[in-house]
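Have a look at the structure below before the remarks.
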Amino acid sequence: MLTPPKTDKRPTERVHHGDVVVDDYEWLRDKDDPEVLAHLHEENAFTKARTEHLSILQEQIFEEITTRTKETDLSVPTREGDWWYYTRTVEGREYGIHCRVPAAGPDDWEPPVTDDSGSPLPGEQVLLDDNAEAEGHDFYSLGSFDVTADGATLLYATDLEGDERYTIRLRSLDGSGREYDDVIEGTSSGATFDPSGRFVFYATVDESWRPDTIWRHEIGTAASDDVSVFSEPDERFWLGVGVTRSRRFLVIEAGSNVTSETWLLDAAEPTGEFSVVWPRKDGVEYDVEHVVAGGKDRLLIVHNDQAVNFELVSVAASDPQGDRRTLLPHDPAVRLEGVDAFRDFVAVEYRREGLPRVAVAKVPAAGLPADATPDDTLHELAFDEALFAVGLSGNPDWAQPTLRIGYTSFVTPSTVYDVVVATGERRLRKRQAVLGDYDATRYSQRREWATADDGTRIPVSLVYRHDLVDLGRPAPTLLYGYGSYEHSIDPGFGIPRLSLLDRGMIFAVAHVRGGGEMGRLWYEHGKKLEKRNTFTDFAAVARHLIDEDITAPDRLVAQGGSAGGLLIGAVANLAPKYFSGFLAEVPFVDPLTSILDPSLPLTVIEWDEWGNPLDDEEVYSYMKSYSPIENVHVNHYPPILAVTSLNDTRVLYVEPAKWVAKLRDVGADPLLKIEMAAGHGGVSGRYAAWRERAFAYAWVVDAAGAHPSGE
C-alpha cells in the first residue's frame, strides 16, 4: 500500500473580524523554499505511482488524440493590409509557425487556395517560428503579436516562465530577419504599434500582477526613455491598449469586473493626450467602436447604464458625452455582448435562449438609422442545430467586404465561414479535420433542464454516442461546470473528448448561475452574497441526471478549473454522495485566504466578484461558509485529483496543495499533480498539452467506470 506524502503541520493564525483560523499548511506558500519544492516533488511521485495502472490507458488516449488530429495543418489566411496572414503547424513540432503571403491587389478578398495538405503557400514569408523561439525552454507562450501597417516590422512578446510577464522584441520583415535592439521586459500581453509604425504602446504590471500603466516606446530608443501615458491608481482596474479597426484612434481601456472606462487618442497625434469617452460610473460597463457615418466620426457604444442586459447607442466622436442615439434598446430576453464596426457594415454579437448569436447590418452611409428597429436592420445568421456556438473570428481589416465567423457545436468540428455581407452568401472556408472514422451522425447533443432548490430551471447540455448510450440506463458521465465572471460555457467540439464519448461516456455541461448563458441576471444571481447558487445549481444538475437515470452516483465525475475548481471543491463538501470522482484543475479552493490579502496577485480586482471580506464581516462569514478548504470535514469523499502549476499567478499552487493536505487529515484520498514549468493555462506545447489531457481523462474514465473503446 502506497503511503501519501506526510505534510508537516506548522500552525499559523489568521484573525479577521474576531474570527481566529488556524492554518497548518500556510508554510507551503514559499515556492523558493527547498523544503516546499521537495514536498511538491514527493506529491508528484506519489501521484505517478498511484496512477501507474492507468499508464496504458493514458497512452491509448494520447494516441487517439494524435491520430485524430491533422498535425500538419494551416489556418484560413486572414487579410490585413496588403498581406494574407496565417499560422501553420507541422507534425512533430509543438508550436505554430506564423507566416504571410502578399495579396494579389486591393480587390483580392479570396483567401489563397491550398490543397489542404498544410504545406507552405507559394510566396510564403515566415514571420515567427514559435518552435525556434521555444527551443531550450521548458515553457513558452506567445503573447502580443502585431505588424506595422506598412508590413515592415514585427512586434512579438514571449513568456518563458508561465507567469504571464512578457518580453517584447521587434524584428525587421525585409527578409533579413534582423532583430531590433529594442527589448522591453516585464510587460503584460496586448502591446500594439500605432498606425504610423513609429511607436509601440504597451502595459506593465504592478507588484500584484495588475496591468496598471500604459507606456509609449519610440522605436530605436532605449526602453528606459519610454513615456508613461496613462497610470491607473485604483487597484480594482486593469488596463489594456489597442487601435480601432479603422486605425483612426488609439484606445486605452480601464476595467474592473463591473466598471469600465475608455480613453481615445487621435492616431494622427500619437504623442498627444488621451481623452475620456464616458467618465467611469460604478457598476457601468461599456465598449467603444469607431464608425464613419455620413462622412463623420461616430462611436458605437454597448453599455449597461440602466440597461442590465446592455444596449447599443451612437454618439458623436467629437462629443461622446453629448446626445445619445439609441440603436438597439435594452431587451430583457437578449444579452447584447458586443458590436464590431467596419467601413460598410456592422456586426452584433448577442445571446438569446442560452446560445450566442451573430447578426449583420449593412450601413454604407449613416450607421444604424435612428428610427430603426433591430428587425429592420439586423439579419441574424441562422443555423440548423439545436445547440451551437457562433462568433466573429479574425476580422482585422476595416475595408473587408466579408465577415468571418467561427461556428461549432458539440458534434460539429470548428468551422470557418466568410459571409459576403452584400449578398448574404455564406462561404465555407475550413472545417476542422478529424482523422479516422469520425461520423457526426453517431453522436447526439441535447438540452436538459434541472430544477434548483429555489425553483430556478438550470440548463444542462449533453453530448454522447447514441449507439453506445441509452439515456434510460445510467451511463458513465463527466459533468463540467464553471459559473463565474459571467463566462459562458457554450457548445463546442473537442477531439480529446471523443476518447470519452467513444468509451460510452456522456459529457455534460451544467450552465449554473454565475455564468452568463442566460443573461446578465444569471451572472448577478451567482456572485458575491448569492455565490452559493453556483454550487447548489451544480448539485441540482447532478441530482437531475441521476433521477432521470441518465447516470448514477457511482458513474458520475465532476470537472472544473480555476473558479470552476472552486465549484468542484465546494460541491465536494456539499454533495459528495452524487459523485464517483472530482477533477479540479488549477482550483481556487482557498478563496478566503487569497481574497483577504491585498498583496497577493489580483486580489483587489476580485473584490467586485466575491465581495471584500477584509472590510465586510458579512462577506467574510459568507465566503467562509462555502470556501472548500474551510469546510473540509469528515465525509465520504470520492477520489479527487487536483492539478496545478508552480508558476500560476492567478490561482497559486499553494491552494490545492493545502486543500489536499486538509483532505487527507479527514481520511480522504486525494491526489495532487503539479506542473513544475507551467502557468495558469497549464503546460505549453500541443503534444505536452495532449499528454496532460490524456492523463486527466484516463483518471476520469477510471473514476467513472467507463468501458474501453469499441466494447
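With respect to Val147, is the statement that it is in the same structural domain as Ala267 (by TED's automatic domain parsing), modelled with pLDDT of 95 or more and either within 27 Å of Gly255 (Cα to Cα) or under 21 Å from the mean Cα position of the chain (by Cα) (or both) true? When the stated conditions are applied, Val147 passes them. I'd like to know if the range 3-20 contains one or more residues that are closer than 25 Å to Ile640 by Cα, part of a helix (DSSP H, G or I) and either of a type outside the set (Gly, Ala, Ser) or within 32 Å of the chain's Cα centre (by Cα) (or both). No, the range 3-20 contains no residue that is closer than 25 Å to Ile640 by Cα, part of a helix (DSSP H, G or I) and either of a type outside the set (Gly, Ala, Ser) or within 32 Å of the chain's Cα centre (by Cα) (or both).
For the condition in a helix (DSSP H, G or I) and modelled with pLDDT under 95, what is the one hit in Ala688, Ala657, Ala661, Ala677?
Numbers: Ala657 fails: modelled with pLDDT under 95; Ala661 fails: modelled with pLDDT under 95; Ala677 fails: in a helix (DSSP H, G or I).
Just a single option satisfies the conditions, and that option is Ala688.
Of all the residues that make up the range 457-475, how many are under 27 Å from the mean Cα position of the chain (by Cα) and either over 12 Å from Phe410 (Cβ atoms) or in a loop (DSSP other than H, G, I, E, B) (or both)? So the answer is 4. The residue that is surrounded by the most Cβ atoms within 10 Å (Cβ to Cβ), counting only those in the range 428-456 that are aliphatic (A, V, I, L, M) and not in a strand (DSSP E or B), is Ala452. Look at (1) in a strand (DSSP E or B); (2) within 28 Å of Ser196 (Cα to Cα) and you find that Glu337 fails only one, number (2).
Yes/no matrix, rows are residues, columns are (1) modelled with pLDDT of 95 or more; (2) outside any loop (DSSP other than H, G, I, E, B); (3) closer than 22 Å to Arg248 by Cβ:
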site	(1), (2), (3)
Gly367	no, no, yes
Ala372	no, no, no
Phe383	yes, no, no
Gly394	no, no, yes
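In the range 213-246, of all residues being out of contact with any strand residue (DSSP E or B) (no Cβ under 6 Å at 6 or more places or on another chain) and over 18 Å from Tyr180 (Cβ atoms), the one that is surrounded by the fewest Cβ atoms within 10 Å (Cβ to Cβ) corresponds to Pro233. Pairing residues of the range 115-138 that are more than 25 Å from Ala152 (Cβ to Cβ) with residues that are in a loop (DSSP other than H, G, I, E, B), at Cβ distances under 6 Å and at least 6 apart in sequence or on separate chains, gives Gly118/Thr72; Ala134/Tyr95; Ala134/Tyr140; His137/Leu160; Asp138/Ala677.
Working only within the range 607-634, note down all residues that are surrounded by fewer than 16 Cβ atoms within 10 Å (Cβ to Cβ) and part of a loop (DSSP other than H, G, I, E, B). Break it down stepwise before answering.
Our first condition is that a residue be surrounded by fewer than 16 Cβ atoms within 10 Å (Cβ to Cβ); within the range 607-634, this holds for 615, 617-618, 621, 625, 633-634.
Of everything in the range 607-634, those that are surrounded by fewer than 16 Cβ atoms within 10 Å (Cβ to Cβ) and part of a loop (DSSP other than H, G, I, E, B) turn out to be Asp615, His633, Val634.
Looking at Val604, Val541, which is the one that is crowded, with 22+ Cβ neighbours inside 10 Å and part of a helix (DSSP H, G or I)?
Working: Val604 fails: crowded, with 22+ Cβ neighbours inside 10 Å.
Step by step, each of Val604, Val541 is checked, and only Val541 is crowded, with 22+ Cβ neighbours inside 10 Å and part of a helix (DSSP H, G or I).
For the range 289-340, the set of residues classified as farther than 21 Å from Glu380 by Cα, touching a residue at least 40 places away in the same chain (Cβ under 8 Å) and of a type in the set (A, V, I, L, M, F, W, C) consists of Val292, Ala293, Val308, Ala317, listed by residue number.
Failed condition for Val419, given (1) touching a residue at least 12 places away in the same chain (Cβ under 8 Å); (2) outside any loop (DSSP other than H, G, I, E, B); (3) surrounded by fewer than 19 Cβ atoms within 10 Å (Cβ to Cβ), with all others met? Result: Val419 fails condition (3) only.
Table: residues versus (1) within 30 Å of Ile61 (Cα to Cα); (2) in a loop (DSSP other than H, G, I, E, B); (3) in contact with a strand residue (DSSP E or B) (Cβ under 6 Å, 6 or more places away or on another chain).
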residue: Pro496; (1), (2), (3): yes, no, no
residue: Glu517; (1), (2), (3): no, yes, no
residue: Trp522; (1), (2), (3): no, no, yes
residue: Gly526; (1), (2), (3): no, yes, yes
residue: Leu529; (1), (2), (3): no, no, no
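Scanning the range 257-286 for residues that are in a strand (DSSP E or B), surrounded by 18 or more Cβ atoms within 10 Å (Cβ to Cβ) and not polar (S, T, N, Q) returns Glu261, Trp263, Leu264, Leu265, Tyr286. Beta carbons closer than 6 Å, at least 6 apart along the sequence or on distinct chains, pair a first residue in the range 258-283 that is modelled with pLDDT of 95 or more with a second that is among the acidic types (Asp, Glu) and part of a loop (DSSP other than H, G, I, E, B) for Thr259/Asp282; Ser260/Glu285; Pro270/Asp194.
Could you please let me know if Trp659 is surrounded by 20 or more Cβ atoms within 10 Å (Cβ to Cβ), hydrophobic (A, V, I, L, M, F, W, C) and within 17 Å of Phe588 (Cβ to Cβ)? The answer is yes for Trp659. Residue check: is Val411 touching a helix residue (DSSP H, G or I) at 6+ places or on another chain (Cβ under 9 Å), buried (at least 17 other Cβ atoms within 10 Å of the Cβ) and among the aliphatic types (A, V, I, L, M)? Against the criterion (touching a helix residue (DSSP H, G or I) at 6+ places or on another chain (Cβ under 9 Å), buried (at least 17 other Cβ atoms within 10 Å of the Cβ) and among the aliphatic types (A, V, I, L, M)), Val411 qualifies.
In the range 139-160, the residue that is nearest to Ser645 (Cα to Cα) out of those that are touching a residue at least 40 places away in the same chain (Cβ under 8 Å) and in a loop (DSSP other than H, G, I, E, B) is Phe139. Give the number of residues within the range 92-114 that are farther than 27 Å from Tyr156 by Cβ and either within 30 Å of the chain's Cα centre (by Cα) or surrounded by 13 or more Cβ atoms within 10 Å (Cβ to Cβ) (or both). Final tally of qualifying residues: 1. Scanning the range 321-339 for residues being buried (at least 19 other Cβ atoms within 10 Å of the Cβ) and of a type outside the set (A, V, I, L, M, F, W, C) gives a total of 2. For the range 577-598, check the following and say yes or no: at least one residue is touching a strand residue (DSSP E or B) at 6+ places or on another chain (Cβ under 8 Å), surrounded by fewer than 19 Cβ atoms within 10 Å (Cβ to Cβ) and under 29 Å from Pro474 (Cα atoms). No, the range 577-598 has no match at all.
The values are calculated or read from the model by the stated rules, or taken from the named source; none is laboratory data. This is a predicted model, so every value here is computed, not measured. Cβ sites come from the backbone with ideal geometry, for glycine too, and all protein chains shown count toward neighbours.
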